[in-house]
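Before any comments, here is the structure.
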Amino acid sequence: MLLLINVILSLWVSCANGQGTCSKSDIEIENGFISESSSIYILNKETQYKCKPGYATADGNSSGSVTCLPNGWSAQPICINSSEKCGPPPPISNGGTISFLLKVYVPQSRVEYQCQSYYELQGSNYVTCSNGEWSEPPRCIYPCIITEENMNKNNIQLKGKSDRKYYAKTGHTIEFMCKLGYNANTSILSFQAVCREGIVEYPRCE
């Protein structure tokens, strides 16, 4: 019983000193308001706020909540112009975002992309939400796939490599040489072929 009285007294003293409480005046919501009439909130008390018409919370709702914590409110509420928010970022072929997608993004949010293995990312890794639209997403450029079948057709092999299948990113140089017993039938320069967005011109030996 004595312990319970001490706990109650401690809580009363804390509240009297302003500890363990949050003030409504500490929340400033541009384009929104606290929907409850209380001015002081005790620890762990949750309160609701609403956005004005035409505005929404960061997750796209018309209202949200904040909680009174020992160090103050759990978050500073935000209400943004509905026309300025963005939906999920655009998908890209042979790649995707590296983070879990949200339904709604606030202005100036950034999302990062990456490509599948061997694909070359062209453009910025990031897109940014601005005025309700995403900036232009990157492209994932096809690699060149050097196959044993195509090399056999041209009587060539990879220079310095024994791979039967070889992947090269766009812009990379692939060096070839004639197979034993064959001579070059195309220019010397053709044996240093450059991968261009999934296409490579093979040299030929006869």
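The values are calculated or read from the model by the stated rules, or taken from the named source; none is laboratory data. Bear in mind that the values here come from a model prediction, so they are computed numbers and not experimental data. Reconstructed Cβ throughout: ideal geometry from the backbone, glycine too, with neighbour counts over all protein chains shown.
Within the range 179-206, being touching a residue at least 12 places away in the same chain (Cβ under 8 Å) and assigned to a helix (DSSP H, G or I) holds for S190, F191.
Scanning the range 187-201 for residues that are within 15 Å of Q157 (Cβ to Cβ) and crowded, with 17+ Cβ neighbours inside 10 Å gives F191, A193, V200. Inspect the range 60-74 for any residue being assigned to a loop (DSSP other than H, G, I, E, B), farther than 30 Å from K165 by Cα and either among the aliphatic types (A, V, I, L, M) or not assigned by TED's automatic domain parsing to the domain that holds G32 (or both) and give the result as yes or no. No, the range 60-74 contains no residue that is assigned to a loop (DSSP other than H, G, I, E, B), farther than 30 Å from K165 by Cα and either among the aliphatic types (A, V, I, L, M) or not assigned by TED's automatic domain parsing to the domain that holds G32 (or both). In the range 83-104, the residues that are assigned to a loop (DSSP other than H, G, I, E, B) reach residues that are basic (K, R) and buried (at least 16 other Cβ atoms within 10 Å of the Cβ) with C-beta atoms within less than 6 angstrom, at least six apart or across chains, in these pairs: V104/K85. When the residues of the range 120-134 are filtered to those that are assigned to a loop (DSSP other than H, G, I, E, B) and in contact (Cβ under 8 Å) with a residue 24 or more places away in the chain, the one that is surrounded by the most Cβ atoms within 10 Å (Cβ to Cβ) is G132.
Residues in the range 109-131 that are touching a Leu at 6+ places or on another chain (Cβ under 9 Å) and not hydrophobic (A, V, I, L, M, F, W, C) were compared, and the one that is modelled with the lowest pLDDT is S109. Is it the case, given these coordinates, that Y167 is within 26 Å of the chain's Cα centre (by Cα), under 17 Å from G95 (Cβ atoms) and among the aromatic types (F, W, Y)? Considered against the rule, which asks whether it is within 26 Å of the chain's Cα centre (by Cα), under 17 Å from G95 (Cβ atoms) and among the aromatic types (F, W, Y), Y167 comes out as no. When the range 50-104 is limited to residues that are closer than 30 Å to Y118 by Cβ and hydroxyl-bearing (S, T, Y), the one that is surrounded by the most Cβ atoms within 10 Å (Cβ to Cβ) turns out to be T97.
Out of all the residues in the range 105-118, which are surrounded by 15 or more Cβ atoms within 10 Å (Cβ to Cβ), part of a loop (DSSP other than H, G, I, E, B) and on the phi < 0 side of the Ramachandran plot? Listed by number, the residues that qualify are V106, S109.
Among the numbered criteria (1) part of a loop (DSSP other than H, G, I, E, B); (2) surrounded by 12 or more Cβ atoms within 10 Å (Cβ to Cβ); (3) not assigned by TED's automatic domain parsing to the domain that holds Q116, which one does F176 miss? Failing condition for F176: (1).
Residue-wise test of (1) closer than 30 Å to W134 by Cβ; (2) over 26 Å from the mean Cα position of the chain (by Cα); (3) hydrophobic (A, V, I, L, M, F, W, C).
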position	(1), (2), (3)
L69	no, yes, yes
G72	no, yes, no
C79	yes, no, yes
K85	yes, no, no
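Within the range 137-196, the set of residues being of a type in the set (A, V, I, L, M) and within 30 Å of S124 (Cβ to Cβ) comprises I141, I145, I146, A168, I174, A193, V194.
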